[in-house]
1. Highest first, please rank the peptides 93-102, 226-235 by the mean number of other Cβ atoms sitting within 10 Å of their residues.
2. Modelled label-to-label distance, TYR212 and MET154, 7 Å Cα→beta-carbon offset: nm?
3. By how many nm would the segment from ASP241 to CYS113 grow when fully extended, if each residue of separation counts as 0.36 nm and the alpha-carbon distance is taken off?
4. Cβ neighbours within 10 Å, averaged per peptide: list 114-125, 212-223, 71-82 in order, most packed at the top.
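Please treat every number below as a calculation from the coordinates, not as lab data. Keep in mind that this is a model prediction, so the values were computed, not measured. Every residue, glycine as well, gets a Cβ built from its backbone with ideal geometry; the counts of neighbours run over all protein chains shown.
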Amino acid sequence: MAAAKNLSGLSSIPKLKAKGDALTTEFQYYGAAIRNLAPALTSSKDRTRVLPWINKLFGAEYHVEVLRDKRNRYLAAITVNMINDELSGIFENDPPSGATRDLSTMTVVNAPCAEWEQDTTWSEYISALPENYEEMPCSFHKQDESCEKDQFEMNHQLDIEFWFLLYQIRPYAAMMPCPDARTKVASWIQTLCRLGCTKCGRMKGLRNDYAYALYGYVHDLRIAGPFQDYPPWNYLRSLPDAAKAAAKRHPLTSPCCEEAESFMSAQPTPEEGAFCYIAVTGEFANSNIPLPV
């Protein structure tokens, strides 16, 4: 009860009007985040311990110009701790009565690898492919062109992002009720894994676009858009173009499309008789054509 009572003081965190500078914007963001995150901390000990830090960092002395950057760095660190639902490092103790330490002089404690970072399912799958296995060629360069010129600083980050998405997709794909949909998802994953994007950063971005879209659909235990068909073998077009082509092949009013199948599967089965569902559509009316008299 004491912790809950003290947490009510979070409403006193000031809501300042933006002055147009980055430090003020950051401060407002961290204030809004802390108001939501602090009461949600699982440990009552952490909920109690975070209050002295909040009171200190939101004190008037940290609104002076020379301390605003230092204040925001502390707020960023404590916000990340609360997102992780655990106060660690310097926040394990109460704040000092005097000046706070300079964060740049403190040792950074590296967090252990997450479970998805240790998962080797797809990396083992790719390494097990035979040497003569044909990769899907780059969609942005011809075969006689080099993809190395389109390397980006974020290339490694794009690969990490892709492994994370595959880790997220796998359990949802296994729970999909339709066997045909599960097969198509598996085919798409295999295709994305065999893209010839070991050097081309643009191709890695396209691969991740497809992975993000696929994850969004399998999270709802369904497939839609270009994933209603099996993946191509020779060329992967841009995601917007693939979505437009899929919309023409699988209109929502078609009784054979995945959306219609999902809708019908969710409807109750009558004990007697039958339900009739009618989909009505049409082209947009042309206002230049006069109506019949």
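1. Taking the mean over residues of other Cβ atoms within 10 Å, the ranking is 226-235, 93-102.
2. Here the modelled spin labels are 0.8 nm apart.
3. Separation in residues times 0.36 nm, less the Cα-Cα distance, equals 42.4 nm.
4. Order by mean packing, descending: 71-82, 212-223, 114-125.
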